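Just below is one structure, and these are the notes that go with it.
Laboratory data are not the source of any read-out in this text; all were calculated from the coordinates shown. Remember, predicted model here, so these are calculated numbers, not experimental data. Every residue, glycine as well, gets a Cβ built from its backbone with ideal geometry; the counts of neighbours run over all protein chains shown.
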Amino acid sequence: MNFKKIWVLMAMGCFLFSPQFTAAAGDFSWMENFNIRADADPSGFRARLANRFKIGDEKIDAVLSVAKSAADAYMVLRCGEISGKSSENAIEKYKSQKNKGWGSYGRSLGIKPGSKEFQDLKSGDDLYAGKGKARDKNKGKTKTKGKGKGKK
């Protein structure tokens, strides 16, 4: 094995096992599948964004022009929504924060990394997976009145 191959393997190992890469991959692992689905049907993805965030083509174009991926575009819009910031503000923050990670980006919009909202972002999207804001954990469950099962 020559020196160049060894150097490349060492560099790849450092990257793959760096804390930033492993944290990002584990915390937001849903993003890869999200990108696959969005890339397979770009017009459907745009329609989903428009419907989910109640935005038009102009704002969709604006976020897609700066986002690294479809999942990043979704995250920008979702973080703006969670923080109560406009999509324009969320896009501008993303431009300056996009190389710093989602925790840093969220903080720049006022979302605390340990908050329930941030945990929801890490667990998945509500565009394809049915998770996040639109998901109701108690859906389908009914509350019963009375003393409960087996109690007298």
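Observations on the structure shown:
- Residues Y74, Y128, Y105, sorted so that the one with the fewest Cβ neighbours within 10 Å comes first: Y128, Y105, Y74
- When +1 charges are put on Lys and Arg Cβ atoms and -1 charges on Asp and Glu Cβ atoms, the dipole computed for the stretch 24-123 relative to its Cα centre reaches about 320 debye.
- Spatially proximal aspartates and glutamates relative to K98 (Cα-Cα < 12 Å; intrachain offsets below 8 disregarded): D72
- Amide hydrogen proximity for I55: with H placed 1.01 Å from N in the peptide plane, no residue at 5 or more positions away or on another chain lies under 5 Å.
- Hz values of 3J(HN,Hα) by residue in the stretch 100-110 - Karplus curve (6.51, -1.76, 1.60), Gly and Pro given as x: 10, x, 6, x, 5, 4, x, 4, 5, 9, x
- Annotation: extensible slack from A62 through A50 equals 3.1 nm (criterion: 0.36 nm per residue apart, minus Cα-Cα distance).
- Ranking of W102, W30 by count of other Cβ atoms within 10 Å, fewest first: W30, W102
- Hydrodynamic analysis of the stretch 44-123 uses the Kirkwood radius over alpha carbon pairs. Inserted into Stokes-Einstein at 25 °C and 0.890 mPa s, it gives a translational diffusion coefficient of 197 µm²/s.
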